[in-house]
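Read the structure below first, then the notes.
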Amino acid sequence: MTNETNVMPNTTDASTLDTSNDNKFLSFCLGQEEYGVEILRVREIIGIIDITPLPQTPDYVKGVINLRGKIIPVIELRSKFAMPFVEYNDETCIIVVEVADPTGVDQFQMGVIVDTVSEVIDIAKEQIEPAPRFGCSLNTNYILGMGKAKDKVIILLDIDKVLTQEELGGLSRAGGDNDVPRSDPESRLARDTEAPGQMEAA
């Protein structure tokens with residue numbers, strides 16, 4: 001994977017984006033399965049950088065990263081989906097997405113570790129089927145739908161529902177307002193150099 005790829009138009013205000021982006025998804029892989037997330041929720045894509053672990057958190061919560069002075073919680077999607085661990089490599093990425101906090105009033109940024117990022121694809125609404133039903137024992141609320149594109153099926157995720165409200169609440173507190181004052185002498189993370197290999201998505 002190259003270090004820099006544009007996944008969204010350059011803009012400072014997501015509300016000004018063309019409405020055609022409503023049908024665009026960033027696709028990525030976990031093993032042999034391909035997933036997608038709405039491109040309007042993607043802020044950046046970066047390579048794996050140093051992650052500071054957080055004590056007493058679930059296995060899928062890898063910790064926090066410092067991204068240009070912002071403290072961002074990071075989860076590993078493989079672990080969250082109970083998939084076997086694989087070693088990180090040059091294609092492993094952190095997708096920085098914007099998710100709604102449990103109150104639904106504010107949003108915060110969260111990093112999601114995936115095996116590899118594929119491409120930005122267009123999937124029209126009529127090409128999205130409802131998530132399959134497996135009975136009450138299996139929760140599929142986090143699946144936005146099954147997208148049909150290029151003769152394949154892509155699992156489209158509702159990024160706000162990948163974690164439960166309680167889990168999101170814990171992560172939003174870990175990230176705070178995603179902003180660390182640089183004047184605080186105890187906040188060493190805020191004085192780190194800019195994350196290497198990152199690419200802007202907004």
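What tally of residues in the range 79-122 results from selecting those that are in a loop (DSSP other than H, G, I, E, B), modelled with pLDDT of 95 or more and crowded, with 16+ Cβ neighbours inside 10 Å?
2
Output the residue which, of all residues in the range 140-163 that are touching a Lys or Arg at 6+ places or on another chain (Cβ under 9 Å) and in a loop (DSSP other than H, G, I, E, B), is modelled with the lowest pLDDT.
140
Mind checking whether some residue in the range 164-172 is in contact with a Ser or Thr (Cβ under 8 Å, 6 or more places away or on another chain), under 30 Å from residue 50 (Cβ atoms), modelled with pLDDT under 90 and not in a strand (DSSP E or B)?
Yes, there is a match, as at least one residue in the range 164-172 is in contact with a Ser or Thr (Cβ under 8 Å, 6 or more places away or on another chain), under 30 Å from residue 50 (Cβ atoms), modelled with pLDDT under 90 and not in a strand (DSSP E or B).
Starting from residues that are touching a helix residue (DSSP H, G or I) at 6+ places or on another chain (Cβ under 7 Å) and crowded, with 17+ Cβ neighbours inside 10 Å, keep the ones in the range 140-161 and report whichever is nearest to residue 121 (Cα to Cα).
Once the filter is applied, the top-ranked residue is 149.
Please list, ordered by residue number, the strands (runs of 3 or more DSSP E) wholly in the range 1-73 having 2 or more residues that are polar (S, T, N, Q) and either surrounded by fewer than 19 Cβ atoms within 10 Å (Cβ to Cβ) or modelled with pLDDT of 95 or more (or both).
Hits in the range 1-73: none.
The values are calculated or read from the model by the stated rules, or taken from the named source; none is laboratory data. Remember, predicted model here, so these are calculated numbers, not experimental data. For neighbour counting, all protein chains shown are included, and Cβ atoms are generated from backbone atoms with ideal geometry for every residue, glycine included.
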